[in-house]
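The values are calculated or read from the model by the stated rules, or taken from the named source; none is laboratory data. These figures come from a predicted structure and were not determined experimentally. Cβ atoms come from the backbone with ideal geometry, glycine included; neighbour counts cover every protein chain shown. What goes into the accessible areas is simple: the full protein's heavy atoms, side chains included, and nothing from ligands, DNA or RNA. Shrake-Rupley method; radii C 1.70, N 1.55, O 1.52, S 1.80 Å.
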Amino acid sequence: MKNSLILNPVLRQLLLAQPGKLIGGAMLAALTVVAGMALLGLSGWFITATSVAGLHASTAIVFDVFGPSAGIRLLAIGRTGSRYAERLVTHDATFAALASIRVQLFRGWSRPEAASRLLRQPARLLFRLTADIDALEALYLRLLVPAFSALCAALLAGVALGVMQWQLGLGLAIWLLAAGGGIGWLVARRARRPAIVRTRAIEKLRSSTIDLVAGQTDLVMAGRIDAQCAALAQIDRSLAQADMALLRLDTAAGAAYGVAGSVTLAGVL
């Protein structure tokens, strides 16, 4: 069952509103991840090479420490700059696109046939409008950009190890893509039901709270104030259960990614 009224068409509008900035932000995010990987790799090599060179006086004298040090500083500064630029570009593009989408949406809902539907279910439709817009913001910033960065990181790791042995590089790239995509797909599948329950619970909680505050006098006169408060408490318990289920999935996903990372390191070694 669909829990969104406008997500799919508006998603296309979001991606087409600022395509240059959205793509540029994703590229900057990937560059930040790649710079971080290169920084870790160069730092690890530098520490190992320094320890090996120090085993003998002749190698210690001729060992160049200035080149790797300059490379580490360059990568560190580049990663910081690319991270700042990525945040600036992605958020600017997202907010600009959402601003234009909001105008189009509320113009569409101001038409007579849409306005009459909005009058019949004002709380439900207005909540879903705002929730869908917020979901679009999180969809690009927290899903599409990190997924693209993870894809670039997996391909870079495969290429780096493929230079030494192509079977190892290919196997690592496939494993990273399979593990990352598989865990994400499994978590998304299991989170669908509690996410729908959470969305509906928030919707009911807001509308019921508005009814309680607006009709407090009528509820007291009718002797229904306690029943309304009990209904609100029940909705709040359902919301807490859905939040707890989503938090458990988030914790399990973090643990699964940690185990996958440890298995990857052990397998490569």
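Here are a few things to note about the model shown:
- Taking Rg/Rh (Cα atoms, Kirkwood Rh) as calculated from this structure, the corresponding entry among [x] 1.13; [y] 1.16; [z] 1.01 is [x].
- Heavy-atom surface analysis with a 1.4 Å probe gives region 166-268 a carbon and sulfur content of 64 percent of its accessible area.
- Here the peptides 195-201, 24-30 are ranked by packing, the mean other Cβ count within 10 Å, and the order with the highest first is 24-30, 195-201.
- With all protein chains modelled, accessible area of Ile72 [1.4 Å, Å²]: 40 Å²
- Calculated [222 nm] ellipticity per residue, helices only, for the chain: -32000 deg cm²/dmol; basis is -39500 (n - 2.57) per DSSP H run with n ≥ 4, divided by all residues, nearest 500.
- Split the accessible area of region 14-164 by element, probe 1.4 Å, and carbon with sulfur accounts for 72%.
- With a Förster radius of 30 Å applied to the C-beta separation of Trp166 and Arg73, the computed FRET efficiency comes to 0.40.
- Once the 1.4 Å probe is applied to the protein heavy atoms, the chain comes out at 64 Å² accessible per residue.
- From the alpha carbon centroid of region 147-184 to that of region 9-55 is 14 Å.
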